[in-house]
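Data first, discussion second: the structure below is written as structure tokens.
The values are calculated or read from the model by the stated rules, or taken from the named source; none is laboratory data. Worth saying up front: this structure is predicted, and the values here are computed from it rather than measured. Neighbour counts run over all protein chains shown; Cβ positions are idealised from the backbone, glycine included. Only protein heavy atoms, including side chains, enter the accessible area calculation; ligands, DNA and RNA are left aside. Shrake-Rupley method; radii C 1.70, N 1.55, O 1.52, S 1.80 Å.
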Amino acid sequence: MGPGGTGGGWPLAGTVLVAVAASLAAGGEDCLWYVDRNGSWHPGFDCDFFTFCCGTCHQRYCCRDPLRLLTERQQRHCLAF
């Protein structure tokens, strides 16, 4: 459909925008404990307001980039595998 219509891409874009806004508003996303690639254990830590846990299952840090956000759910998934 044309502009102003109900195109198929808008609901997805709106959902992503809402999710990013909610993450930014919440901020302070915790980084849970993890084990790095060398098998070393790292304790969990809190991120400051307007930053959140970023990285991978084996390396975590605080950042402000919502595209690098590693949610607590994703982190728990890392622990299971």
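In the range 57-81, the residues that are over 13 Å from V35 (Cα atoms) and free of Cβ contacts under 8 Å to residues at least 60 places away in the same chain reach residues that are of a type in the set (S, T, Y) and surrounded by 13 or more Cβ atoms within 10 Å (Cβ to Cβ) with C-beta atoms within less than 8 angstrom, at least six apart or across chains, in these pairs: C62/T51; C63/T51; R64/T51; P66/S23; L69/S23; L70/T56.
Would you check which residues across the range 35-55 are of a type outside the set (A, V, I, L, M, F, W, C) and either part of a loop (DSSP other than H, G, I, E, B) or exposed (fewer than 15 other Cβ atoms within 10 Å of the Cβ) (or both) and list them? Once the filter is applied, which keeps residues that are of a type outside the set (A, V, I, L, M, F, W, C) and either part of a loop (DSSP other than H, G, I, E, B) or exposed (fewer than 15 other Cβ atoms within 10 Å of the Cβ) (or both), the range 35-55 yields D36, R37, N38, G39, S40, H42, P43, G44, D46, D48, T51.
Of the residues contained in the range 8-30, one or more are found to be assigned to a loop (DSSP other than H, G, I, E, B) and either open to solvent by 70 Å² or more (accessible area, probe 1.4 Å) or modelled with pLDDT of 95 or more (or both).
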